[in-house]
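Computed from the coordinates by the stated procedures, all read-outs in this text should not be read as laboratory data. The structure presented is a predicted model; accordingly, all values stated were derived computationally and were not measured. No Cβ is skipped: glycine too gets one built from the backbone with ideal geometry, and neighbour counts run over all protein chains shown.
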Amino acid sequence: MNKIRVVLIEDHDLSRVGLCAALKRYSDIDIVGDATNGREGLQKIKTYQPDVALIDIGLPDIDGIEVTKKLKEYQSQNQDFSTRILMLTMHNSEDSVMAAFAAGADSYSLKDVSMDNLVEAIRNTNEGNSWIDPAIARIVLKQAKNSQSTRRAHQPVATTDSSDTQLINSVAEEYQQIIETYPLTDRELEVLELIVAGCSNAEISKKLYISIGTVKTHVCHILDKLCANDRTQAAVRALRAGLVN
């Protein structure tokens with residue numbers, strides 16, 4: 001069995017040592033390096049090229065957001081570099097979450113997540129899927145809905161202003177590729193928009209005048225096409241790809 005090679009960037013000694021020790025208990029995880037600051041972490045990630053980099057958002061020199069941006073730039077110039085990024089944060093404020101989201105990490109988790117869930121996040125990230133902590137997803141969706149409501153309230157329908165959606169759409173390229181390969185139908189887009197709005201299957205059924213069974217079928221197709229594990233992840237990917245404003 002190939003182990004998932006991981007580099008951890010965490011400036012707090014106890015947290016870093018504790019995480020390393022805990023993760024080493026899992027047979028499929030291999031901690032190949034760790035760092036106490038962003039610059040050291042960047043160098044180790046480039047040197048070891050792990051499968052997954054766990055990056056704390058709050059680092060003493062350059063923060064996790066800047067580290068992520070630099071790694072994404074490096075990846076765009078080096079096609080063989082395939083490290084995926086799991087951002088760790090203690091913060092659940094809107095500003096911190098949206099800044100981390102816009103940086104373009106592959107997955108996001110609060111640091112107080114259970115170890116089993118963190119390992120699950122690492123595994124999903126390694127497999128090419130995004131893992132997003134529900135608390136973080138709720139903030140992203142709330143911000144997107146607020147932006148949508150503000151735009152509708154202050155602008156004519158025929159007018160478009162990308163300034164209030166730039167933060168979310170700034171990392172859409174990877175998800176645009178998914179959509180180009182597996183395009184959603186008009187009905188699936190309608191269902192997706194209602195998922196983003198927080199509607200249940202029963203509510204979607206009533207709004208679109210279709211059976212709950214049909215809604216479930218559309219939801220399954222949407223999850224498959226967006227390579228999403230659940231409705232929350234699908235909603236976030238839809239926002240990042242610009243499928244829903």
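Straight-line cross-link partners of LYS206 among the lysines, defined as a Cα under 16 Å from its Cα and at least 8 positions apart when in the same chain: LYS216.
For the peptides 214-222, 233-241, residues were scored by their other Cβ atoms within 10 Å and the scores averaged per peptide; the highest-first order is 233-241, 214-222. Non-local lysine pairs in the range 4-135, meaning eight or more places apart or on different chains, with alpha-carbon distances under 16 Å, amount to 6.
Here the extension length gained between MET115 and SER27 equals 30.3 nm, from 0.36 nm per residue of separation less the Cα-Cα distance.
Taken one residue at a time, the phi angles of the range 187-199 give Karplus couplings (6.51, -1.76, 1.60, θ = phi - 60°) of 5, 5, 5, 5, 5, 4, 4, 6, 5, 4, 6, x, 6 Hz. Gly and Pro are set to x.
The stretch between LYS207 and GLN75, if pulled fully straight at 0.36 nm per residue, gains 43.2 nm over its current Cα-Cα span.
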